[in-house]
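Peer 1: My questions will all concern the structure given below.
The values are calculated or read from the model by the stated rules, or taken from the named source; none is laboratory data. This is a predicted model, so every value here is computed, not measured. We place every Cβ from the backbone using ideal geometry, glycine too, and count neighbours over all the protein chains shown. For the accessible areas, the whole protein counts, side chains as well, though only heavy atoms, and no ligand, DNA or RNA atoms are used. Shrake-Rupley method; radii C 1.70, N 1.55, O 1.52, S 1.80 Å.
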Amino acid sequence: MKKQLIAVCGIIIAGIAVFADKADNKIVDAAEKYIASKTDSKEIQQTLKDYKGPIGPVITTLKEKEQKEEKIKTEPRKMEEFKYPPFTTEEFKKKFPAACLFYYLPEDYSPDKTYGLLVYMHGGGNRTLARQAGFYVTKYELDKRLKEAKTPYIIVAPSYNNKPNGINRWITANGDDFIDDVIKESKHRFNIDPNRIAVSGFSMGGSGAWRQAQRLNDIACAGAVIAGGWNIMNFEPFKLIPIYFIAGQYDGFVDQMAKYGGKGPAGMIPPEKRVQRKRDKNDTVIYTDDKLTEIGAPHVLKWHLGGHTLLEEAAPAVEEFAVWLKDQKRNTNPKEVYALTPRGAFCHIKGTRETPHTYWISILEKTGKPLLYYGINSQKTHGQWRPIAGETPETYAKRVKRIVVPYGRVKGAWVDAVNKGDNTFDVKTKNVKKFAIWLNDKMVDFSKPVVVNVNGKKKIFKNLKPTLIAALRSYKRRHDWELIYPCELIIDVP
């Protein structure tokens, strides 16, 4: 059967701010309805398809209207409920019982200034209450570190009591929706720079940070993972988002014996008895560092001599993170995009949704074949995780190891696409039947043909022209005005 090449083109977005034309109110109204509607009316679609006027002013107007929404007065460090519609609805409250937010503002905060946003997922477990989310910021002095570094970021510490999945609250489909809503709510309250949104977390929240950093690798500018575990299908999506990884070499060395200075079952091996551990490539922290390095993913590993904390030996790493965060900014036009569906740590969990869109790539149809995923396994003796009588840190390390092992398979697919320049793209795929490349004038010259090499076979697209409706369709993929693309090329994989 002959493979089809489909070209659906949209707006040229670069330089929109310089347009002097006023947007047609009728078209702006139709565009707003189109964006808000889940089921597009034929009348609205036809109005947008028939539009032949300047497109820049329409996009600029839509973006400005969103930015000019009335901001909610927000008191720092106070427990806040969701207020932005539709978050006050009964449906939201039912989905996220006891949902709340804590905000931490820079000392020089002004509603007229633009700030970055650091989403910080708390640790704990099944019994962690919503009101404790702020405690995980102040106890571990994260707000203090950002203020000391004068890092212009607002911290939001969210929490909700997802009782059926208490300890897994940050790594479920509901958790994904919740983090998306936290970002939307924060944008409604403050002037947030859309290119400076970072996701982070500690312990249980650290596992969530692994998931959310990869899932939002085209939305967030950075991910900060502190003492968090993972299982994962592919590391390659991390090539699009810098990761700051803080881990304690003595995380887990909980000492039950007074011999090591322990204070009951939760005591730690004292600092004077801790030694630098050997770099074991099978250790999960080192494995992660090696894999990120191997694929060229930007990251920093701070492997300190402390335990499960952000204080004491970990404090310098947190201080350095606060400074590092200043320089992070999302690249809205990456030369290489690695799209994976589903993506995000713990994507094997039931209910995990597809993640077909990443920057200028959309996976439209996959074969249904599986991909292998890997996870962290703790090797134990007689189920004893804590040290047993007579053990030293060295013998404990030999007996209880955390290593990476194959865990199972998930129906997944990936596209690795590289913009080679000169209107040429090289694409490799796995388990993909159909995908799309979205283009803008920063990526290609629309007056010339576009060449796409798919798994070694050449496809040529000619006579590409922009339309408003395709620009709006590109917005609806990620709901981000910084990710507007002028042309969609739908390609069947040979």
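Peer 1: Would you point out the residue of segment 115-135, among those that are open to solvent by 30 Å² or more (accessible area, probe 1.4 Å) and either among the aromatic types (F, W, Y) or under 23 Å from the mean Cα position of the chain (by Cα) (or both), that is farthest from I246 (Cα to Cα)? Steps first, answer last, please.
Peer 2: Of the residues in segment 115-135, the ones open to solvent by 30 Å² or more (accessible area, probe 1.4 Å) are 124, 126-127, 129, 131-132, 135.
Those left that are additionally either among the aromatic types (F, W, Y) or under 23 Å from the mean Cα position of the chain (by Cα) (or both): 124, 135.
Details: G124: 17, F135: 20 Å.
Per the stated criteria, the residue is F135.
Peer 1: Working only within segment 268-277, note down all residues that are at pLDDT below 75 and surrounded by fewer than 16 Cβ atoms within 10 Å (Cβ to Cβ).
Peer 2: P270, K273
Every residue, every condition in (1) at pLDDT below 85; (2) open to solvent by less than 30 Å² (accessible area, probe 1.4 Å), yes or no:
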{"site": "Q379", "(1), (2)": "yes, no"}
{"site": "H382", "(1), (2)": "yes, no"}
{"site": "E391", "(1), (2)": "yes, yes"}
{"site": "K398", "(1), (2)": "yes, no"}
{"site": "V405", "(1), (2)": "yes, no"}
{"site": "V410", "(1), (2)": "no, yes"}
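Peer 1: I need the full set of residues from segment 297-307 which are under 18 Å from the mean Cα position of the chain (by Cα) and open to solvent by 30 Å² or more (accessible area, probe 1.4 Å), in order please. Steps first, answer last, please.
Peer 2: Taking segment 297-307 first, the residues under 18 Å from the mean Cα position of the chain (by Cα) are 297-300.
Within segment 297-307, P298, H299, V300 qualify.
Peer 1: Follow-up. Just give me the residues in segment 89-101 being closer than 16 Å to H188 by Cβ and not hydroxyl-bearing (S, T, Y), in sequence order. Please lay out each step first, then the result.
Peer 2: Going through segment 89-101, the residues closer than 16 Å to H188 by Cβ turn out to be 89, 92, 99-101.
F92, A99, C100, L101 - these are the residues of segment 89-101 that are closer than 16 Å to H188 by Cβ and not hydroxyl-bearing (S, T, Y).
Peer 1: Hey, among the residues in segment 278-293 that are touching a residue at least 12 places away in the same chain (Cβ under 8 Å) and either open to solvent by 70 Å² or more (accessible area, probe 1.4 Å) or hydroxyl-bearing (S, T, Y) (or both), which one's nearest to Q328 (Cα to Cα)?
Peer 2: Among residues in segment 278-293 that are touching a residue at least 12 places away in the same chain (Cβ under 8 Å) and either open to solvent by 70 Å² or more (accessible area, probe 1.4 Å) or hydroxyl-bearing (S, T, Y) (or both), the one nearest to Q328 (Cα to Cα) is T288.
Peer 1: If you scan segment 320-352, which residues turn out to be outside any loop (DSSP other than H, G, I, E, B), of a type outside the set (A, V, I, L, M, F, W, C) and closer than 25 Å to W170 by Cβ?
Peer 2: Start the filter on segment 320-352 by keeping residues that are outside any loop (DSSP other than H, G, I, E, B), which leaves 320-326, 336-341.
So of that shortlist, the ones also of a type outside the set (A, V, I, L, M, F, W, C) come out as 320, 326, 336, 338, 341.
Residues satisfying the conditions are E320, Y338, T341.
Peer 1: Shifting gears a bit: Could you tell me how many of the residues in segment 136-167 are assigned to a helix (DSSP H, G or I), open to solvent by 10 Å² or more (accessible area, probe 1.4 Å), out of contact with any Gly (no Cβ under 9 Å at 6 or more places or on another chain) and at pLDDT 85 or above?
Peer 2: Quick first cut of segment 136-167, residues assigned to a helix (DSSP H, G or I) only: 136-138, 142-148, 163-167.
From the residues that got through so far, the ones that are open to solvent by 10 Å² or more (accessible area, probe 1.4 Å) too are 136, 138, 143-145, 147-148, 163-165, 167.
From what is left, the residues that are out of contact with any Gly (no Cβ under 9 Å at 6 or more places or on another chain) are 138, 143-145, 147-148, 163-164.
When the remaining residues are screened for being at pLDDT 85 or above, the result is 138, 143-145, 147-148.
Of the residues in that region, 6 qualify.
Peer 1: Residue pairs, Cβ under 6 Å, 6 or more apart or interchain, first in segment 234-245 and in contact (Cβ under 8 Å) with a residue 60 or more places away in the chain, second among the charged types (D, E, K, R) and surrounded by fewer than 24 Cβ atoms within 10 Å (Cβ to Cβ). List them.
Peer 2: So the pair list comes out as F235/K291.
Peer 1: Just checking, which of I246, I192, I226 is at pLDDT 90 or above, more than 26 Å from P406 (Cα to Cα) and touching a strand residue (DSSP E or B) at 6+ places or on another chain (Cβ under 7 Å)?
Peer 2: Details: I246 fails: more than 26 Å from P406 (Cα to Cα); I226 fails: more than 26 Å from P406 (Cα to Cα).
Every option except I192 fails the conditions.
Peer 1: Which one of the conditions (1) open to solvent by 60 Å² or more (accessible area, probe 1.4 Å); (2) closer than 17 Å to H188 by Cα does D29 fail to meet, given that it meets all the rest?
Peer 2: Unmet for D29, out of (1) open to solvent by 60 Å² or more (accessible area, probe 1.4 Å); (2) closer than 17 Å to H188 by Cα: (2).
Peer 1: Another question, if that's okay. Within segment 440-460, does at least one residue satisfy the condition of being within 27 Å of E64 (Cα to Cα) and surrounded by fewer than 16 Cβ atoms within 10 Å (Cβ to Cβ)?
Peer 2: Looking through segment 440-460, at least one residue is within 27 Å of E64 (Cα to Cα) and surrounded by fewer than 16 Cβ atoms within 10 Å (Cβ to Cβ).
Peer 1: While we're looking at this one, here's another question. May I ask you to verify whether G252 is on the phi > 0 side of the Ramachandran plot and either surrounded by fewer than 18 Cβ atoms within 10 Å (Cβ to Cβ) or modelled with pLDDT of 95 or more (or both)? Explain how you work it out, then say what you get.
Peer 2: Details: on the phi > 0 side of the Ramachandran plot: yes; either surrounded by fewer than 18 Cβ atoms within 10 Å (Cβ to Cβ) or modelled with pLDDT of 95 or more (or both): yes.
Judged against the criteria, G252 is a match.
Peer 1: Listed residues G201, G262; which is modelled with pLDDT under 95 and either crowded, with 20+ Cβ neighbours inside 10 Å or in a loop (DSSP other than H, G, I, E, B) (or both)? Quick ask: steps written out before the conclusion?
Peer 2: Details: G201 fails: modelled with pLDDT under 95.
It is G262.
Peer 1: A further question follows. Only one of these is part of a loop (DSSP other than H, G, I, E, B) and open to solvent by less than 20 Å² (accessible area, probe 1.4 Å): L483, L472, L489. Name it.
Peer 2: Working: L472 fails: part of a loop (DSSP other than H, G, I, E, B); L489 fails: part of a loop (DSSP other than H, G, I, E, B).
Answer to the selection: L483.
Peer 1: Mind checking which residues of segment 22-56 are touching a residue at least 40 places away in the same chain (Cβ under 8 Å), part of a loop (DSSP other than H, G, I, E, B) and β-branched (V, I, T)?
Peer 2: Of all residues in segment 22-56, those touching a residue at least 40 places away in the same chain (Cβ under 8 Å) come to 27, 31, 34-35, 45, 48-49, 51, 55-56.
Filter once more, keeping what is part of a loop (DSSP other than H, G, I, E, B): 51, 55.
Matches in segment 22-56: I55 only.
Peer 1: Search segment 310-323 for residues being within 23 Å of the chain's Cα centre (by Cα) and touching a residue at least 40 places away in the same chain (Cβ under 8 Å), and hand back the single one that is surrounded by the fewest Cβ atoms within 10 Å (Cβ to Cβ). Write out each step before concluding.
Peer 2: Pass one, segment 310-323, residues within 23 Å of the chain's Cα centre (by Cα): 310, 317-323.
Checking the rest, the ones that are also touching a residue at least 40 places away in the same chain (Cβ under 8 Å) come to 310, 317-319, 321-323.
Working: L310: 24, A317: 23, V318: 25, E319: 16, F321: 25, A322: 21, V323: 14.
Ranking the candidates gives V323 first.
Peer 1: Can you name every residue in segment 64-106 that is among the hydrophobic types (A, V, I, L, M, F, W, C), surrounded by 14 or more Cβ atoms within 10 Å (Cβ to Cβ) and over 23 Å from the mean Cα position of the chain (by Cα)?
Peer 2: Result: M79, A98.
Peer 1: Further question on the same structure: Could you please find all residues in segment 204-247 being open to solvent by 10 Å² or more (accessible area, probe 1.4 Å) and assigned to a helix (DSSP H, G or I)?
Peer 2: M204, S207, R215, E236, K239, L240
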